[in-house]
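What follows is a set of notes on a single structure, which appears directly below.
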Amino acid sequence: MDSMVTCIAPVNIAVIKYWGKRDEKLILPLNDSVSGTLSTDQMHAKTTVMRCKDFTEDKIWLNGKEVSFSNPRLLSCMKEIRRLSRESGTSEDIVNTKVHICSENNFPTAAGLASSAAGYACLVFALKELFGVKQDITRVARLGSGSACRSIYGGFVRWHKGDLADGSDSIATQIAPPSHWPLHVFILVVNDKQKKIGSTPGMQRTALTSELVQYRIKESVPKRIEDIIQAVKERNFDKFAEITMKDSNQFHAVCLDTYPPNIYMNDISHEITSFVHTYNELFPKPKVAYTFDAGPNACIYLEEESVPDFAATLQYIFPPEETLESYFKGESVQFGTVNEGLRTYPQQSPGLLKYIIHTKIGDGPKRLDSSEDHLLTLSGVPVKNGP
Ligand SMILES: Nc1ncnc2c1ncn2[C@@H]1O[C@H](COP(=O)(O)OP(=O)(O)OP(=O)(O)O)[C@@H](O)[C@H]1O
Ligand SMILES: C[C@@](O)(CCOP(=O)(O)OP(=O)(O)O)CC(=O)O
C-alpha cells in the first residue's frame with residue numbers, strides 16, 4: 001500500500017434532482033436521483049492524500065489554503081474510511097496513522113458547479129486507495145455531500161434513496177457506462193461566484209416548508225426515475241430531454257414553494273430556458289435539454305450530431321463579450337450554420353454568458369501514477385502555496 005496517493009474525480013449533473021433529506025447527519029435523501037458524470041478532461045477535483053507515522057494531526061489544504069479539519073462531514077468520511085479499512089484487514093498501525101490532504105478544483109468552488117460532489121468523491125476515492133478499503137465507497141462519499149456518491153461512477157448513475165435508518169442501502173449504482181451514450185454537455189456559466197443559498201440550508205428549508213415537495217417525492221420522482229433509466233438504456237434522447245427539463249422545472253418550482261423561497265434561477269437563466277424551447281420547436285423532436293442546479297448556470301445535454309448547429313446558434317443568440325477563444329472552453333467546438341428559424345429570436349446583449357464549458361459524459365475517478373502529479377511534497381506540505 002502506497003503512503004501517498006493522488007486521484008482526480010469528476011463532477012456530475014443530475015437529470016432527476018436530489019433535493020431534501022430524511023436524515024441530515026447521515027445525508028439520506030427523500031428521493032432517488034439520476035445523473036450524468038462529466039469527463040474529468042474539462043472539470044475535476046484533484047486530491048493528494050498522504051499518511052506518515054511522523055504526522056501528529058490530520059490536516060487539509062483546499063485550493064491552496066489550510067482549512068479546519070473539524071468539519072463534521074470531513075470527520076465522518078474519515079471515521080468511516082478508517083472503520084472500513086479495519087474491516088478490510090488493514091493493520092491497526094496503518095489505520096491509525098494521521099493524514100495530510102491537499103485538494104484543488106480546476107473550476108470555481110461553491111458556485112453551484114458541483115464542486116462538493118467532485119471534491120468529496122475524489123477525497124474518498126483517494127483515501128480508499130491509501131487505506132486499502134475494499135467495500136463500496138459510494139456510502140462514504142455520500143457522508144461528505146449527498147451528490148458526491150454519484151461521482152464515484154462514470155456514465156449514468158442512480159443514487160438509491162434507501163429505506164434503512166442506518167443508510168446502508170443508500171448507495172449509488174451505474175446505469176450505463178459512458179461508452180453506451182457519450183452525450184455532449186455545454187455548461188452555460190452565467191455566474192461563477194459563490195451562490196447565495198447553499199444546497200444544504202436550501203433543502204432543509206424546503207423539507208420544512210414546502211407542500212409541493214411531498215407531491216414531488218411521492219408522485220413525480222418514482223415514475224421519472226424508471227422512465228429516464230429506460231430512456232438512457234434505449235438512447236432515446238427525445239424522452240430523456242423531456243424528463244430532464246420537466247424535472248429541473250419542478251425542482252425550481254419546489255424551491256419557489258419553499259418559504260422564504262430559494263431563488264436560484266435569474267433572468268438570464270429564464271432567457272436560456274425560453275431559447276432552448278424555441279430551438280427545440282424547430283425540430284420534430286427535442287434536440288437539446290437544459291437542467292439547472294442550485295444556481296443560475298444552465299447545463300445543456302445534447303447528442304454529438306446536434307453540437308455544430310446548436311453551438312453556432314447559441315453563439316449567435318448569446319454573443320460573447322470578447323473573443324470566441326475565451327468563450328467556448330474545453331472540448332473544441334464544431335460550428336455549423338446558425339439555424340435560420342432562430343434569426344428572428346431576439347439577440348441578447350454581448351457577455352450575458354460569462355463562458356461556456358464544452359464537455360461530455362465521462363469516466364469515474366482515477367488514480368494518477370506519476371509522482372509529478374502529487375500536490376504534497378515528501379514532507380507532507382503543499383507543493384505550491386496559495387491558490
Ligand atoms: N476539492 C475539494 N475537496 C474537499 N472538499 C471540497 C472540495 N471542493 C469543494 N469542497 C467542499 O464543498 C463545499 C462547497 O459545496 P457547495 O455545495 O456549497 O457548492 P457546490 O458543490 O459548488 O454547489 P452544488 O452542490 O449546489 O452544485 C466547499 O466549501 C468544501 O467544503
Ligand atoms: C441541486 C443539486 O445539485 C443538489 C445537490 O446537493 P448537495 O449534494 O450539494 O447537498 P448536500 O448533500 O447537502 O451536500 C441536485 C443534485 O445534484 O441532485
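The values are calculated or read from the model by the stated rules, or taken from the named source; none is laboratory data. Worth saying up front: this structure is predicted, and the values here are computed from it rather than measured. A quick note on method: Cβ atoms are made from the backbone with ideal geometry, for glycine too, and the neighbour counts reach across all protein chains shown. What goes into the accessible areas is simple: the full protein's heavy atoms, side chains included, and nothing from ligands, DNA or RNA. Shrake-Rupley method; radii C 1.70, N 1.55, O 1.52, S 1.80 Å.
Things to note:
- Pairwise FRET efficiency - A165 versus Y316, Cβ, R0 = 51 Å, nearest 0.05: 0.45
- Listed residue (F335, L352, P365) projecting farthest to the positive dipole end of the range 327-366, Cβ model: P365
- Cross-link pairs K21/K384; K193/K223; K193/K246 - those with Cα-Cα distance over 28 Å: K21/K384; K193/K223
- Normalising the Debye intensity of the range 144-209 to I(0), with uniform scatterers on Cα atoms only, and taking log10 at q = 0.19, 0.25 Å⁻¹ returns -1.03, -1.11.
- Between K98 and Q347, the FRET efficiency estimated from the beta carbon spacing at R0 = 41 angstrom works out to 0.10.
- q = 0.12, 0.13 Å⁻¹, the range 230-387: log10 I(q)/I(0) [Debye, one scatterer per Cα]: -0.67, -0.76
- The slack in the chain from K79 to D2, taken as 0.36 nm per residue of separation less the alpha-carbon distance, amounts to 25.7 nm.
- In the chain, one over the average inverse separation of all distinct C-alpha pairs is 21.5 Å, which is the Kirkwood hydrodynamic radius.
- Cα-based reach from K366 at 19 Å (exclusive), listing aspartates and glutamates while leaving out same-chain residues under 8 positions away: D2, D41, E104, E129, D136
- Modelled spin-label separation between F69 and Y259, with each label point placed 7 Å from Cα along the Cα-to-Cβ direction: 4.5 nm.
- Gain on full extension, evaluated as 0.36 nm per residue between H180 and E24 minus their Cα-Cα distance, stands at 52.7 nm.
- Here the range 311-357 exposes an accessible surface that is 48 percent carbon and sulfur, computed with a 1.4 Å probe and the other protein chains kept in place.
- Computed from the C-beta positions of D136 and Q204, the FRET efficiency with R₀ = 30 Å rounds to 0.65.
- For the range 244-387, accessible area per residue (1.4 Å probe, heavy atoms of protein chains only), Å²: 48
- The modelled label-to-label distance for the pair E340/V383, using points 7 Å beyond Cα in the direction of Cβ, is 5.4 nm.
- Directionally averaged projected area (the range 86-228, Cα convex hull): 11.5 nm².
- The Rg/Rh ratio of the range 290-383, with both radii computed over alpha carbons and Rh defined as the Kirkwood radius, is 1.14.
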